[in-house]
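Encoded as structure tokens, the structure appears first; notes follow it.
The values are calculated or read from the model by the stated rules, or taken from the named source; none is laboratory data. The structure displayed is predicted, hence computed values, not measured ones. Cβ: placed from backbone, ideal geometry, glycine included. Neighbour counts: every protein chain shown.
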Amino acid sequence: MSERIVHPVDTRTEMTWLVLPQHTNNVGGVFGGQVMAWIDVCAAISAQRFARKVVVTAAMDNLSFKAAAKDGDVMVLQGQVNFAGRTSMEVGVRVESENPLTGKRVHTSTAYLTFVALGEDGRPTEVPTLAPVTETDKRRHHDACVRRERRVQARAEDLERRKK
Ligand SMILES: CC(C)(COP(=O)(O)OP(=O)(O)OC[C@H]1O[C@@H](n2cnc3c(N)ncnc32)[C@H](O)[C@@H]1OP(=O)(O)O)[C@@H](O)C(=O)NCCC(=O)NCCS
């Protein structure tokens, strides 16, 4: 186990983007793939703030878009590390769209991504210990542990299937 201890608050990232015509489809809504790219960048910054090492995206859990954002809206992405394993970590990213005229915000998606820290040899390397502090940190950590168990099981089943 790593000796360095990091609190979730120190991994927080907030990114704000204006939705421009080049980010939209032909009905003026933002491209889902564009939102996924913004999510990946936001989450990678949180993961690096946590690990202080090179990190790569290993996986992004199922992502659904609950509401559409459109040309002229402001996208607000907030990321934080929820859970750390030995070499991997889960980052949660909440995405909201903000109407710039009214300030009203709508929750459009939440994504959970797994990053792996790499050493100089390009192989997975240890990450620090995550120490949840607030009740919200603890709830997120608990929920992330459950998701992590599911992913580990799904990965093991996938490996087993490939062997057959
Ligand atoms: C991610 C990667 C480094 C994992 O390498 P690996 O040799 O399979 O790693 P391991 O089996 O030793 O697993 C390392 C950790 O990653 C986790 N992990 C690996 N693949 C995972 C996946 N698909 N989903 C969730 N977690 C995963 C493992 O659970 C383990 O976590 P732990 O150390 O915290 O227990 C490797 O698959 C890779 O380089 N993938 C390409 C990454 C990439 O190009 N991303 C896009 C651009 S950034």
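Restricting to segment 22-73, name every residue that is under 15 Å from the mean Cα position of the chain (by Cα) and among the acidic types (Asp, Glu).
Scanning segment 22-73 gives Asp40, Asp61.
What pairs can you find where one residue is in segment 34-57 and under 16 Å from Tyr112 (Cβ atoms), the other is part of a helix (DSSP H, G or I) and among the hydroxyl-bearing types (Ser, Thr, Tyr), and their Cβ atoms are less than 8 Å apart, with a gap of 6+ or different chains?
Partner pairs satisfying both residue conditions: Ser46/Thr11; Ala47/Thr11; Phe50/Thr11.
Could you run through segment 123-157 and say how many residues are farther than 26 Å from Val54 by Cβ, of a type in the set (Val, Ile, Thr) and part of a helix (DSSP H, G or I)?
Selection size over segment 123-157: 2.
Mind listing just one residue for me: the one in segment 45-84 that is among the small types (Gly, Ala, Ser) and out of contact with any strand residue (DSSP E or B) (no Cβ under 6 Å at 6 or more places or on another chain) and, of those, surrounded by the fewest Cβ atoms within 10 Å (Cβ to Cβ)?
Ser64
Would you check which residues across segment 72-117 are among the β-branched types (Val, Ile, Thr), part of a loop (DSSP other than H, G, I, E, B) and more than 9 Å from the ligand (Cβ to nearest atom) and list them?
Within segment 72-117, the subset among the β-branched types (Val, Ile, Thr) is 74, 76, 81, 87, 91, 93, 95, 102, 106, 108, 110, 114, 116.
This time we only want the ones that are part of a loop (DSSP other than H, G, I, E, B), so: 87, 102.
Residue satisfying the conditions is Thr102 alone.
So if I check each of Leu113, Leu118, which one is buried (at least 19 other Cβ atoms within 10 Å of the Cβ) and closer than 20 Å to Val152 by Cβ?
Details: Leu118 fails: buried (at least 19 other Cβ atoms within 10 Å of the Cβ).
That would be Leu113, the only listed residue that is buried (at least 19 other Cβ atoms within 10 Å of the Cβ) and closer than 20 Å to Val152 by Cβ.
Which one of these is part of a loop (DSSP other than H, G, I, E, B), without any contact (Cβ under 8 Å) to a residue 40 or more places away in the chain, more than 12 Å from the ligand (Cβ to nearest atom) and charged (D, E, K, R): Glu160, Glu120? I'd like the intermediate steps shown before the answer.
Working: Glu160 fails: part of a loop (DSSP other than H, G, I, E, B).
After ruling out the rest, the residue left standing is Glu120.
So Gly33 fits all but one of (1) modelled with pLDDT of 95 or more; (2) more than 21 Å from Thr136 (Cα to Cα); (3) within 14 Å of the ligand (Cβ to nearest atom); what number is the exception?
Unmet condition: (3).
Give segment 91-112 a look and list any residue that's closer than 17 Å to Ala51 by Cβ and touching a Cys at 6+ places or on another chain (Cβ under 9 Å), or say none.
If the condition is that a residue be closer than 17 Å to Ala51 by Cβ and touching a Cys at 6+ places or on another chain (Cβ under 9 Å), then Val91, Val93 are the ones that fit.
Which condition does Ser109 not pass, out of (1) under 16 Å from Ser2 (Cβ atoms); (2) touching a Phe, Trp or Tyr at 6+ places or on another chain (Cβ under 7 Å), if it passes all the others?
In the conditions (1) under 16 Å from Ser2 (Cβ atoms); (2) touching a Phe, Trp or Tyr at 6+ places or on another chain (Cβ under 7 Å), Ser109 misses (1) alone.
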